[in-house]
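One structure is given below, encoded as structure tokens.
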Amino acid sequence: MTSITKAACIGGGVIGGGWIARFLLAGIDVAVFDPHPEAKRIVAEVMANAERAYAMLTGAPLPARGTLVFCETLEEAVSDADWIQESVPERLDLKRGVLNKIDAAAKPDALIGSSTSGLLPTDLQRDMQHPERLFVAHPYNPVYLLPLVEIVGGEKTSPETIKAAIDRLGPIGMKGVHIAREIEAFVGDRLLEALWREALWLIKDDICTVETLDDVIRYSFGLRWAQMGLFQTYRIAGGEAGMRHFLAQFGPCLQWPWTKLTDVVDLDDALVEKIGQQSDEQANGLSIRELERIRDENLVGILQSLKGGNGGEGWGAGKLLKDFEQSLWAKGSVASEPDLSRPLRLVDTKVSPAWVDYNGHMTEHRYLQVFGDTTDALLRLIGVDLAYVEAGHSYYTVETHIRHIGEAKLGQAIHATCQVLSTDDKRLHVFHTIHDTATGDTIATAEQMLLHVNSAAGKTVAAPTDILAKLRPIADAHAALAAPDGAGRQVGQKK
Ligand SMILES: NC(=O)c1ccc[n+]([C@@H]2O[C@H](COP(=O)([O-])OP(=O)(O)OC[C@H]3O[C@@H](n4cnc5c(N)ncnc54)[C@H](O)[C@@H]3O)[C@@H](O)[C@H]2O)c1
């Protein structure tokens, strides 16, 4: 798969900000042009939400965050980018003007995606000098969490552009889906608009309130849609006879007066006020940012449970997350020639908002997570990486003893070190310490025993010589260090 090396985002609002966060968290440098006087603040707020969501989403080693630059001109922003994403307001004249400027200033082989929700790419590319590299890349809000991008070409878009665009989305954890023919609003917004139109009628006609309508979705078919979509859900609804039976049973209903779909509701002042008021009541005082954070936590939960779906293989968006994480684990390596004269520094991180409890302190299980990440980093260092685990062997942790000595607070920079206490061909005995990076003080320690196993057989076996050859020099060097304070302690033991 080919990767994006430098991105430019033209427009940094709701959607542009989401793209910026998606790129930065995938380690890609981003140049932004947005004349809005508060563009930096708005992007920073989206980025804060995105970082919080990623901290909950994955324990895989994310690449170093890309650098973010705000440019004075569009030309400066796009000049050396290889993916340019246009996310300016949904007006054809405005978008055309912006895209023509991008076209004139970009590298000839740069890919140019438009976030438009419904304009035709053929209309967007009409006046471009190099229209073959323009395509619609329609994402979903929040772009940093929802993986889908509808990729739509216009009459002048080349097939190579479509392929290149889809290829480049994989490494940033997204799924590009090619829509075979361009139509207004593509596939997603066609569906959403049909549903929305019907929903507006239901509110206008006092059939239900906005809250009841949302409940009908979120307690029922909304849950089904997230994991199987529409057609596969209906296949199951057809019983053992499947889809054909479902069509025979419910197809005729389409002719009944079940829906008002073709009529467009008049969104007059009274209806706008009615919906606005019901929506305010439903929000119950929660701000948009608060609702965004709740939404993100829920989406993370859904994605994580889908990751464990299909007997652990992953399902739908969860399978995509699993694949993305595996690519991160495969890439995430630590220095190959570590300094053995001291405990190995293996993890550097910050206490994220998702890690703190109501007191603003790092919550208990996050300590184990950081210690687990430290162990994983040690294992990768000695060659026990994803490929090794997939081939059927691994080290399993069989015992952990954690001591809480200091406190880690929200936003605090922390790092973890590891001292190997002893090892033989099956056992690996380690001592980890989490430090306050600013002062070096100890915040917590963990002593762990790991055993080398044949995972399929579920049996302890000797580690192979190439793994031991990497482990032993570390263990020998660490044997010369002083025993760490607290090594060998048990719960409640007197000092
Ligand atoms: N909001 C959504 O849920 C959603 C979902 C998918 C796609 N989209 C599409 O994304 C695009 C942007 O929508 P949004 O919701 O982010 O809007 P928005 O109003 O939040 O952001 C638009 C941004 O573009 C900036 N801008 C205006 N003129 C500009 C110019 N000439 N050059 C650079 N920046 C300029 C504005 O200052 C603003 O920050 C639209 O095409 C929209 O259809 C929106």
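So here's what we get for this one:
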{"item": "Among (1) away from the ligand (no atom under 14 Å from the Cβ); (2) surrounded by fewer than 21 Cβ atoms within 10 Å (Cβ to Cβ) - the single one Q125 does not satisfy", "result": "(2)"}
{"item": "Criterion violated by V453 - all others in (1) open to solvent by less than 50 Å² (accessible area, probe 1.4 Å); (2) part of a loop (DSSP other than H, G, I, E, B); (3) in the same structural domain as E399 (by TED's automatic domain parsing) satisfied", "result": "(2)"}
{"item": "Set A444, A438: member being aliphatic (A, V, I, L, M), part of a loop (DSSP other than H, G, I, E, B) and within 24 Å of D485 (Cα to Cα)", "result": "A438"}
{"item": "Of all residues making up segment 90-117, the number that are loosely packed, with under 15 Cβ neighbours inside 10 Å and under 20 Å from V30 (Cβ atoms)", "result": "2"}
{"item": "Sole residue being open to solvent by 50 Å² or more (accessible area, probe 1.4 Å), assigned to a strand (DSSP E or B) and not acidic (D, E), chosen from S394, S422", "result": "S422"}
{"item": "Selection from segment 129-142 of residues that are away from the ligand (no atom under 16 Å from the Cβ) and open to solvent by less than 60 Å² (accessible area, probe 1.4 Å)", "result": "P131, R133"}
{"item": "Residue selected from segment 146-165 under the condition open to solvent by 10 Å² or more (accessible area, probe 1.4 Å) and within 17 Å of the chain's Cα centre (by Cα), by the criterion farthest from A21 (Cα to Cα)", "result": "L148"}
{"item": "Within segment 252-299, tally of residues that are out of contact with any Phe, Trp or Tyr (no Cβ under 9 Å at 6 or more places or on another chain) and in a helix (DSSP H, G or I)", "result": "30"}
{"item": "Which numbered condition F324 misses (of (1) touching a residue at least 60 places away in the same chain (Cβ under 8 Å); (2) open to solvent by 40 Å² or more (accessible area, probe 1.4 Å))", "result": "(2)"}
{"item": "Hey, K107 of a type in the set (K, R) and either closer than 19 Å to R168 by Cβ or more than 10 Å from the ligand (Cβ to nearest atom) (or both) or not", "result": "yes"}
{"item": "Considering residues of segment 23-45 that are in a helix (DSSP H, G or I) and open to solvent by 10 Å² or more (accessible area, probe 1.4 Å) only, the residue nearest to the ligand (Cβ to nearest atom)", "result": "I42"}
{"item": "Pairs where the first residue, in segment 400-411, is open to solvent by 90 Å² or more (accessible area, probe 1.4 Å) and the second is part of a loop (DSSP other than H, G, I, E, B), C-beta under 7 Å, 6+ apart", "result": "K409/V351; K409/G360; L410/V351; L410/G360"}
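Each row is one residue, and each column tells you yes or no for (1) closer than 28 Å to W201 by Cβ; (2) surrounded by 14 or more Cβ atoms within 10 Å (Cβ to Cβ); (3) of a type in the set (A, V, I, L, M, F, W, C).
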site: L223; (1), (2), (3): yes, no, yes
site: G251; (1), (2), (3): yes, no, no
site: W256; (1), (2), (3): yes, no, yes
site: S287; (1), (2), (3): no, no, no
site: K307; (1), (2), (3): no, yes, no
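The values are calculated or read from the model by the stated rules, or taken from the named source; none is laboratory data. Keep in mind that this is a model prediction, so the values were computed, not measured. Positions of Cβ are generated from backbone atoms using ideal geometry, with glycine treated the same way; all protein chains shown enter the neighbour counts. Each accessible area value is taken on the protein alone, full model and side chains, heavy atoms only, with ligands, DNA and RNA left out. Shrake-Rupley method; radii C 1.70, N 1.55, O 1.52, S 1.80 Å.
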